Amino acid sequence: MSLHGGPAYKSLERIMAQVTEINSIVSGIAAGAQEQATGLQQINTAITQMDQTTQQNAPMVEESTAACHSLSQATDQLSDLIGQFKVGRSGDDMSRRREAPKAAPHGLPRPPAPVAASDARRSA
């Protein structure tokens, strides 16, 4: 009985072809799994870096928040101080301004008197 041409030989050839095909499919699956593992490792690395950056930024955010609160309080205080100033001209203000040079005549220099147009032509 010869195996080269018989039905058993053909069955074995089919089995060997199927095993070769299955081996190729399994190799493809293994290659795909390796690619996915590499991709997951890269994602894990990126997430770790993002976590580190977030942890580094947290103190800066806290400092910025504290600075904003401090600035807000300083702004409120400055606004209160500015509110104490009286702005505008009332009759008392004008009379005080006229009396100030009399009280301190050397405190501020007086502006020069305006020169008449006819005087300006004579000096030229």
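Answer yes if at least one residue in segment 5-15 is at pLDDT 95 or above, of a type outside the set (Ser, Thr, Tyr) and under 50 Å from the mean Cα position of the chain (by Cα), and no otherwise.
Checking segment 5-15: not a single residue is at pLDDT 95 or above, of a type outside the set (Ser, Thr, Tyr) and under 50 Å from the mean Cα position of the chain (by Cα).
If we scan segment 33-55, do we find a residue that is exposed (fewer than 10 other Cβ atoms within 10 Å of the Cβ), under 34 Å from the mean Cα position of the chain (by Cα) and at pLDDT below 95?
Yes: one or more hits.
The values are calculated or read from the model by the stated rules, or taken from the named source; none is laboratory data. These numbers were taken from a predicted model, which means no experiment stands behind them. Cβ coordinates were reconstructed from backbone atoms using ideal geometry, including for glycine residues, and neighbour counts include every protein chain displayed.
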